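**Q** Input: one structure, supplied below.
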Amino acid sequence: EENAVEKAKQAIAGGLPFGFPIMGMKREDSATKFSVNWWEQVWQEGATGWKFAEAKETLPFDKNLAAVAEILKEDPLKENGHAFVPLCGDSKVVPYLAMKGMKVTCVEGSELALKGLREAINTIPEEAQKRITIIEDDLFKAELPAESVDFIYDTGSLVAIDPSMREEYFNVIQKVSKPGAKCFLEVIYRASDITEGPPHHITLDMVKELYQGWSVGMEENAVEKAKQAIAGGLPFGFPIMGMKREDSATKFSVNWWEQVWQEGATGWKFAEAKETLP
């Protein structure tokens, strides 16, 4: 709004504790890189290099869960719990978790990827199939169950998105996860060209900085194993991390805001006083 800062200063001079500049915004809508349409094209072209870690011959799920258990020193799966698989693609971890007795919610925007996923789901017993909910949508627009998830399986998700979207991605994970939720995270290690992607190179320090309020650990000798994989001919390595959301009403969580309202610490409401509804 024109002269917004000056108006804010006048409001403060008039006795308010702060001013309220107004902005207007518009999202420019196009099939840009990392949009759902862009990813659909990636699947159509078969440019799914991140799937090296999930080769048909060596499905790694038991090994991956064991690695998380070792990192966290506890079983990552909760009996009859709820698992979340963001940007699931056609990953067979979805039917795998359902066969473990988990309720599974997965999100994917690519129709082609979901075709492969549904084919995999159709190979398991009907009882397990009923535990799976597929949300075909943009992860950042989808309606997701809040604070309902006990376990997140992230393989190829955080590394796939544009680095500028990582904070938004974390907000999605934070929204769906319960306090105490655990997470398997498989990242990408590149020996060179670390700015290339997707999939993008991500380090332990980068994950720790992003996942505030979570304890984060990495599989022992993960970087060395990644280097060996590259030396053996793979384009990159796949370090494994285990994470756990610390059980508290962390700042800016739903529970934290509930406490703010209970304490009446709603100073921003000066702008919407009953006498001067704006």
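The values are calculated or read from the model by the stated rules, or taken from the named source; none is laboratory data. Quick caveat: nothing in here was measured; it's all calculated off a predicted structure. Cβ: placed from backbone, ideal geometry, glycine included. Neighbour counts: every protein chain shown. Ligands, DNA and RNA are stripped out before the accessible areas are found, and what is left, the full protein with its side chains, is counted by its heavy atoms. Shrake-Rupley method; radii C 1.70, N 1.55, O 1.52, S 1.80 Å.
**Q** Relative contact order (percent) for the chain, with alpha-carbon contacts under 8 angstrom and 6 or more residues of separation?
**A** After rounding, I find 16 percent.
**Q** Tell me, what % of the accessible area of the chain is carbon and sulfur with a 1.4 angstrom probe?
**A** 50
**Q** Find out how many positive minus negative residues lie around Ala146, taking Lys and Arg as positive, Asp and Glu as negative, among other residues whose Cβ is under 13 Å from that of Ala146.
**A** -1
**Q** Sum -39500 (n - 2.57) across every DSSP H segment of at least 4 residues in the chain, then divide by the residue count to get the 222 nm mean residue ellipticity, nearest 500.
**A** Details: 10 runs with 91 residues, N = 278.
So the calculated ellipticity at 222 nm is -9500 deg cm²/dmol.
**Q** Given segment 78-178, what count of lysine pairs have C-alpha atoms under 16 Å apart, with each pair 8 or more places apart or on different chains?
**A** 11
**Q** To continue, here is another question. State in Å² the accessible area per residue of the chain; use a 1.4 Å probe, count heavy atoms of protein chains only, and round to the nearest integer.
**A** 57
**Q** First select every other residue whose beta carbon is under 11 angstrom from the beta carbon of His82; then total the charges, Lys and Arg +1, Asp and Glu -1. Intermediate values should be presented prior to the final figure.
**A** Values: positive: Lys78, Lys103, Arg131, Lys178; negative: Glu147, Asp150.
Within the 11 Å Cβ shell, the charges total +2.
**Q** Here's something else I'd like to know. Explain nothing, just compute: Karplus ³J(HN,Hα) = 6.51 cos²θ - 1.76 cosθ + 1.60, θ = phi - 60°, for every residue of segment 176-185 in order, whole Hz, x for Gly and Pro.
**A** Karplus values, whole Hz, x for Gly and Pro: 7, 8, 7, x, x, 4, 10, 9, 8, 10.
**Q** Moving on. Only sites in a loop by DSSP and with at most 16 other Cβ atoms within 10 Å count here; which GluC sites (Glu not before Pro) in segment 149-244 make the cut? Please report the intermediate quantities before stating the final value.
**A** Working: sites: Glu167, Glu168, Glu186, Glu196, Glu209, Glu219, Glu220, Glu224; in loops: Glu196, Glu219, Glu220.
Answer by residue number: Glu196, Glu220.
**Q** At a Förster distance of 25 Å, what's the computed FRET efficiency of Ala66 paired with Ala120, Cβ-Cβ distance as r, to 0.05?
**A** 0.70
**Q** How large is log10 I(q)/I(0) at q = 0.10, 0.11, 0.14 Å⁻¹ when the Debye formula is applied to the Cα atoms of the chain, each weighted equally and without solvent?
**A** Summing over Cα pairs of the chain leads to -0.61, -0.72, -1.04.
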